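Below: the structure, in structure tokens.
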Amino acid sequence: MGAPVSLKQDDEKRRLFLVTAQDTPDALMRVLGVASVQQVRLRALTAQPEGADFSIRLEIDDQGDDRAHALAARLASVPAVRGVGHGWR
């Protein structure tokens with residue numbers, strides 16, 4: 001038997017979005033709703049409270065700079081969101 005095969009190719013690029021939101025009961029669902037409407041392919045998600053805020057980390061398949069900027073702008077417009085940062089993973 002050979003070594004396990006990785007499903008992720010080295011040339012496969014992903015985008016990382018870091019979202020800070022108010023720690024409200026619906027903050028995560030609002031952020032995920034935007035990702036769903038934008039039809040992004042979510043590859044990893046982490047969310048945890050940080051004081052009065054909620055930290056959300058989304059890793060998605062790369063769909064180009066224009067799509068990344070559009071997603072960041074839409075995430076930033078969510079009422080509970082305080083800040084959005086994005087870059088390469």
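The values are calculated or read from the model by the stated rules, or taken from the named source; none is laboratory data. Quick caveat: nothing in here was measured; it's all calculated off a predicted structure. FYI the Cβ positions are ideal-geometry reconstructions off the backbone, even for glycines, and counts take in every protein chain you see. Surface accessibility is based on the protein's heavy atoms, side chains included, excluding ligands, DNA and RNA. Shrake-Rupley method; radii C 1.70, N 1.55, O 1.52, S 1.80 Å.
Might you let me know whether the range 17-34 holds any residue that is under 10 Å from the mean Cα position of the chain (by Cα) and among the basic types (K, R)? Within the range 17-34 (the criterion being under 10 Å from the mean Cα position of the chain (by Cα) and among the basic types (K, R)), the answer is no, since none of the residues qualifies.
Listed here are the residues, each with its yes/no results for (1) open to solvent by 90 Å² or more (accessible area, probe 1.4 Å); (2) in a loop (DSSP other than H, G, I, E, B); (3) without any contact (Cβ under 8 Å) to a residue 60 or more places away in the chain.
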| site | (1), (2), (3) |
| --- | --- |
| P25 | yes, yes, yes |
| V34 | no, no, yes |
| T46 | no, no, yes |
| S55 | no, no, yes |
| G87 | no, no, no |
